[in-house]
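What follows is a single structure, written as C-alpha cells, with notes after it.
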Amino acid sequence: MLIVAMLGLTSCQTEAESVQHKEDGLAAAGFIVRPANTPARQAMLKRLPANKFLTRTHGDTVSYVYADPLGCQCLYVGSQQAYDRYRATRLQEKIANRQLLAAQTYQDATWDWNVWGPSVTGFYGYGGYGW
C-alpha cells in the first residue's frame with residue numbers, strides 16, 4: 001500500500017515541484033547556479049525560455065544553460081559532463097519508477113480482474129482489446 005501512495009504522490013506533482021526536482025538534480029549533477037542579482041542579469045534571464053535546456057558553444061567547449069526566471073530567478077550553467085550526469089540520473093529515475101510500477105501492479109490479492117471484463121484478464125499491451 002505504501003508503494004501505491006508513493007506513486008500517487010509522484011504522479012501528482014505540481015509544475016513547481018517538478019521544476020524544483022529538476023533543479024535539485026541539476027545542482028547534484030554539477031551545474032553552477034548563477035543568480036539574476038543585477039538588473040542586466042534579470043533582463044537577460046527573461047529573454048531565455050523558462051525551464052528549458054539551451055546549449056552554448058564557445059570554441060570546442062559546450063555549455064548547457066537552464067533558466068528559471070520564476071522560481072530561483074537564476075541560471076544553471078553546466079558542462080557536457082554535468083549534463084551527461086543529469087541525463088543519466090533522470091534515466092535511472094525513470095527505470096526505477098517503471099520497476100516500482102511493475103512491482104506493485106498485481107500485489108492486491110483481493111483484486112478481481114474479471115469485474116472489468118474478459119479482455120482485461122489477458123491484457124498485456126495496448127491495441128486490439130476495444131480500448
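Summary table
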item: Inter-probe distance in nm under a simple model that places probes 7 Å from Cα toward Cβ, at Gln80 and His21; result: 3.0 nm
item: Charge context of Ala50, other residues only, Cβ under 13 angstrom, K/R +1, D/E -1; result: +1
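Every number in this text was worked out from the coordinates using simple rules, so none of it is lab data. None of the values given here were measured: they were computed from a predicted structure. No Cβ is skipped: glycine too gets one built from the backbone with ideal geometry, and neighbour counts run over all protein chains shown.
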